[in-house]
Amino acid sequence: MIKDQPLPLGAQSEPGFWLETSNHRNWLMDQAMRQLEFFSASCRNGPGFFILGHDGTPQPGQLQELHTTTRLIHSYALGHLSGFQGAERIIDHGMAYLESHHKDREHGGYLWALEGEQIKDDRKLAYGHVFVLLASASAKLAGHPDADRLMADAREVLDQHFWDEDAGLFCDEWNRDWTPFSTYRGMNANMHGVEAMLSAYEAFGDEIYLSRAGRILDFFINKIATGENWRLPEHYTSEWQIDHDYAGNPMFRPAGTTPGHSFELGRLQLQHWDLSGRPVSNAPETARRLIEQALNDAWLPSGGLAYTLDFDGQAANGSRFWWPITEAIGAVAALITLDKMPEDEIWYRKLWTYASDTFVDHKYGGWFPAVDENGNVVTSIFDGKPDIYHSLQACFFPLSGRLSRMMLP
């Protein structure tokens, strides 16, 4: 059962760095275990997973999207490596569901969304397929017997349909039969592609993953961010020119820039640099510039991070969602791991204090997905608690004390 009284976060008056104190480290592990316990109820008796309400009650409906399945596999692989009892059940359930339902036996690849036994959305998205690769890498580290087969299949599909060797980037989307769906190109799928490929390199040791991740990072950080005042435009034309006029789904493809993605890409830059043997390069500096710019742009006067910014760094959508805070925590923790600068500790404490006061559900476990400017939970945007992936990593990655191979005990 989840404890009614969680451990204390840490004292603001405490000198030094919270990550060097047993109190804060115990709090992080306690929070991670509470999340894993809460989301264990996601597992259906039949195929697939539930979306859970705020109190952990399974929600009605059978919609299952590819990123939900793969992120649960990844998250419970983290849990398995950290000693959470029962993680194997979620990993097994997710791996079986990928094979039995998401996998398209007619055209290859993986279907985006199912509803029960029916296909709800048959698009083939790079965003979803890189998470299949991430799931295979995490499952490999957790010792799952099907991880190698899943990795080989994900690698083949990504190579054949999504990787553009000339550009050194992933294209985004196809119809089910691999006919063109659109000419859209985006940063988000590529950023998560870096995440997946670095994890795959750690799990499988294939140098091509490290090389391709480096090409993506070079494009977005050294070519794009440097010309955009260290901000990252989200959307691009088929020729990889910034599309300043693009405005898609306001939640999943919002206009402008998304500072949460700057935090992720900055941390991934440090992970890639570390895995590459820490060569003499500007990688630590550019990662810091990217992360600091996003923090300074996005932090709102009343607390929290704006969801999106315009191209000049002004808040465009001031909604406060859970995942940008989690990614900021992971990014700042990586900076502390590298340099231990006092100004990073100020941000680390500010971010965790705000998250603990507003997003963390200390009663039931998990994080609320959205709050208003006063820190009150908003229930009109998301159904229940849709995700463990972001918030679990916010606990585990700082605990690792590493820039890479953070999943290893």
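The values are calculated or read from the model by the stated rules, or taken from the named source; none is laboratory data. In this text the structure is predicted, and so the values were computed from the model without any measurement. Cβ: placed from backbone, ideal geometry, glycine included. Neighbour counts: every protein chain shown. What goes into the accessible areas is simple: the full protein's heavy atoms, side chains included, and nothing from ligands, DNA or RNA. Shrake-Rupley method; radii C 1.70, N 1.55, O 1.52, S 1.80 Å.
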Scanning region 335-349 residue by residue, those surrounded by fewer than 24 Cβ atoms within 10 Å (Cβ to Cβ) and not acidic (Asp, Glu) turn out to be 336, 337, 338, 340, 341, 342, 346, 347, 348, 349
Only one of these conditions is not met by residue 210: (1) part of a loop (DSSP other than H, G, I, E, B); (2) in contact with a Phe, Trp or Tyr (Cβ under 6 Å, 6 or more places away or on another chain); (3) of a type in the set (A, V, I, L, M). Which number is it?
(1)
Would you mention how many residues in region 307-319 are open to solvent by 20 Å² or more (accessible area, probe 1.4 Å) and either hydroxyl-bearing (Ser, Thr, Tyr) or closer than 18 Å to residue 349 by Cβ (or both)?
1
So residue 222 fits all but one of (1) over 20 Å from residue 131 (Cβ atoms); (2) out of contact with any strand residue (DSSP E or B) (no Cβ under 9 Å at 6 or more places or on another chain); (3) open to solvent by less than 30 Å² (accessible area, probe 1.4 Å); what number is the exception?
(3)
Please verify whether residue 66 is in contact with a strand residue (DSSP E or B) (Cβ under 8 Å, 6 or more places away or on another chain) and open to solvent by less than 20 Å² (accessible area, probe 1.4 Å), treating the condition exactly as stated.
yes
Tell me, which residue of region 234-284 that is among the aromatic types (Phe, Trp, Tyr) and within 30 Å of residue 406 (Cα to Cα) is surrounded by the most Cβ atoms within 10 Å (Cβ to Cβ)?
263
Residue match in region 324-334 (condition: open to solvent by 30 Å² or more (accessible area, probe 1.4 Å), within 22 Å of the chain's Cα centre (by Cα) and under 25 Å from residue 28 (Cα atoms))
no
Restricting attention to region 298-306, does a residue exist that is under 23 Å from residue 249 (Cα atoms), assigned to a helix (DSSP H, G or I) and either open to solvent by 30 Å² or more (accessible area, probe 1.4 Å) or in contact (Cβ under 8 Å) with a residue 12 or more places away in the chain (or both)?
yes
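Residues are listed down the side, and each one gets a yes or a no for (1) over 17 Å from residue 311 (Cα atoms); (2) modelled with pLDDT under 95; (3) among the small types (Gly, Ala, Ser); (4) in contact with a helix residue (DSSP H, G or I) (Cβ under 6 Å, 6 or more places away or on another chain):
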site	(1), (2), (3), (4)
210	yes, no, no, yes
216	yes, no, no, yes
221	no, no, no, yes
228	no, no, no, no
248	no, yes, yes, no
251	yes, yes, no, no
Of residues in region 359-383 being in contact with a Phe, Trp or Tyr (Cβ under 9 Å, 6 or more places away or on another chain), surrounded by fewer than 21 Cβ atoms within 10 Å (Cβ to Cβ) and of a type in the set (Gly, Ala, Ser), the one modelled with the highest pLDDT:
370
Note on residue 352: of the conditions (1) surrounded by fewer than 23 Cβ atoms within 10 Å (Cβ to Cβ); (2) over 15 Å from the mean Cα position of the chain (by Cα); (3) assigned to a helix (DSSP H, G or I), unmet is (1)
Of the residues in region 153-179, those that are under 16 Å from residue 104 (Cβ atoms) and either under 23 Å from the mean Cα position of the chain (by Cα) or not polar (S, T, N, Q) (or both) come to 153, 154, 156, 157, 158, 161, 162, 173, 174, 176, 177, 178
Test: residue 12 is in a loop (DSSP other than H, G, I, E, B), modelled with pLDDT of 95 or more, open to solvent by 20 Å² or more (accessible area, probe 1.4 Å) and within 30 Å of residue 334 (Cα to Cα):
no
With the condition kept exactly as written, say whether any residue in region 128-142 is open to solvent by 10 Å² or more (accessible area, probe 1.4 Å), at pLDDT 95 or above and not in a helix (DSSP H, G or I).
yes
Just checking, how many residues over region 92-122 are closer than 20 Å to residue 161 by Cβ, in a strand (DSSP E or B) and either polar (S, T, N, Q) or open to solvent by 40 Å² or more (accessible area, probe 1.4 Å) (or both)?
2
Looking only at region 264-295, how many residues end up being over 18 Å from the mean Cα position of the chain (by Cα), among the β-branched types (Val, Ile, Thr) and within 25 Å of residue 234 (Cβ to Cβ)?
1
Picking from 173, 195, the residue that is charged (D, E, K, R), in contact (Cβ under 8 Å) with a residue 60 or more places away in the chain and surrounded by 19 or more Cβ atoms within 10 Å (Cβ to Cβ) would be 195
Output the residues belonging to region 355-408 that are farther than 13 Å from residue 323 by Cα and part of a strand (DSSP E or B).
377
